[in-house]
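**Q** So that we are looking at the same thing, I have put the structure below in structure tokens.
The values are calculated or read from the model by the stated rules, or taken from the named source; none is laboratory data. Given the structure is predicted, the values throughout are model-derived calculations rather than measurements. Every residue, glycine among them, receives a Cβ derived from its backbone with ideal geometry; neighbour counts consider all protein chains shown.
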Amino acid sequence: MQISILGIGWLGLPLAQSLLQKGFTVKGSVTSAEKLELLKEHNIIPYQVSLTANTVEGDIANFLSKSDVLIINIPPKLRNADSENFTDKIKALIPYIEQSGIEKVLFVSSISVYGEKNAGIVTEETTPFPDTESGKQLLETEKLLSENKKFKTTLLRFAGLIGAERHPVYHLAGKENLPNANTPVNLIDRNDCVAVIEKIIEKNTWEETFNAASPEHPTRKEYYTKKAKELNLTAPTFLTDDKKEGKIISSEKITSVLGHLFNNL
């Protein structure tokens, strides 16, 4: 089976490596020519592809050609005032997916589609109320892909991604009077992300939506105090009168449908 991964970065590279080890052929895209050599070194068939709000730059046709699955793994990047519309980028991509004959698409989305209005337990049945521009455009993009009848789309909403060298505690260490002390954390280890994607492909689980977060949900204060201690960092301090409830992202569907057991936070 051949898989095209649009976006070989912090998550895409270890995903591609793991898929290669399992016998898949992997095509990968990067946006700069300098990164093509890295893909070659890892036996990923390299392509330079960039999406804009109006067009797709690069050899997108060959990147998609003869692949069974397309994994769209590119972040919205909407924090800058001059950011291009993410949904428009995917609109520009869709005709190429249709022409390629790819029948299965996995879209890496985010729990930001739920927003802050959703408190308590959040499942895939919870109605999203995004309150950030990123969340709004991700939700719009989800609908755009899942409503297209030319291919089957599975939506994968990741919680905050963490890994060995990428963790919020490094940013929070030593800071004082942080808010939301009692808000539960919603995080997922990168290894879990890779495993969940692989199980969706292996079990042929399409036209589904999955929330992907560790089943552990300590409070921000509990978690980051403990993690700072483990990493010999100065623990952050939190405001003590915070009463915000927050949301808990449930991944029970992933466990029951895909049989995945999460790593400890």
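**Q** Find the residue count for segment 246-265, including only residues that are farther than 25 Å from Glu208 by Cα and surrounded by 12 or more Cβ atoms within 10 Å (Cβ to Cβ).
**A** 2
**Q** So, in segment 31-52, how many residues would count as being within 26 Å of Thr87 (Cβ to Cβ), surrounded by 14 or more Cβ atoms within 10 Å (Cβ to Cβ) and of a type outside the set (A, V, I, L, M)?
**A** Residues in segment 31-52 being within 26 Å of Thr87 (Cβ to Cβ), surrounded by 14 or more Cβ atoms within 10 Å (Cβ to Cβ) and of a type outside the set (A, V, I, L, M): 5 in total.
**Q** Another one. Quick one: which of Asn211, Asn191, Asn204, Asn148 is at pLDDT 95 or above and crowded, with 21+ Cβ neighbours inside 10 Å?
**A** Asn211
**Q** Let me ask you something else. In contact (Cβ under 8 Å) with a residue 40 or more places away in the chain and closer than 27 Å to Gly135 by Cα: which single residue out of Ser4, Ser29, Ser50 fits that description?
**A** Ser4 is the lone residue from the list that is in contact (Cβ under 8 Å) with a residue 40 or more places away in the chain and closer than 27 Å to Gly135 by Cα.
**Q** With respect to His167, determine if the residue is out of contact with any His (no Cβ under 7 Å at 6 or more places or on another chain) and in contact (Cβ under 8 Å) with a residue 24 or more places away in the chain.
**A** Yes.
**Q** A further question follows. Looking only at segment 11-30, count every residue that is surrounded by fewer than 16 Cβ atoms within 10 Å (Cβ to Cβ) and not in a helix (DSSP H, G or I) and tell me the total.
**A** Of the residues in segment 11-30, 2 are surrounded by fewer than 16 Cβ atoms within 10 Å (Cβ to Cβ) and not in a helix (DSSP H, G or I).
**Q** Shifting gears a bit: Take the conditions of a type in the set (Gly, Ala, Ser), over 30 Å from Thr183 (Cβ atoms) and free of Cβ contacts under 8 Å to residues at least 60 places away in the same chain and apply them to Ser18. Does it pass?
**A** For Ser18, the condition - of a type in the set (Gly, Ala, Ser), over 30 Å from Thr183 (Cβ atoms) and free of Cβ contacts under 8 Å to residues at least 60 places away in the same chain - is not met.
**Q** Within segment 86-126, can you find the residues that are small (Gly, Ala, Ser) and not in a helix (DSSP H, G or I)?
**A** Those that are small (Gly, Ala, Ser) and not in a helix (DSSP H, G or I): Gly101, Ser109, Ser110, Gly115, Ala119, Gly120.
**Q** Only one of Ala173, Ala228, Ala181 is crowded, with 18+ Cβ neighbours inside 10 Å, touching a residue at least 60 places away in the same chain (Cβ under 8 Å) and of a type in the set (A, V, I, L, M, F, W, C); which?
**A** None of the others qualify; the one that does is Ala181.
**Q** Those residues that are farther than 30 Å from Ala235 by Cα and polar (S, T, N, Q), I need them from segment 200-223; list them, please.
**A** Asn204, Thr205, Thr209
**Q** Hey, another quick one. Being closer than 16 Å to Ile90 by Cα, in contact with a Leu (Cβ under 9 Å, 6 or more places away or on another chain) and not in a strand (DSSP E or B) is the filter here; which residues of segment 32-75 pass it?
**A** Those that are closer than 16 Å to Ile90 by Cα, in contact with a Leu (Cβ under 9 Å, 6 or more places away or on another chain) and not in a strand (DSSP E or B): Ile60, Phe63, Leu64, Asn73, Ile74.
**Q** Something else: So, in segment 162-215, exactly how many residues are farther than 28 Å from Ser67 by Cβ, among the β-branched types (Val, Ile, Thr) and not in a loop (DSSP other than H, G, I, E, B)?
**A** 2
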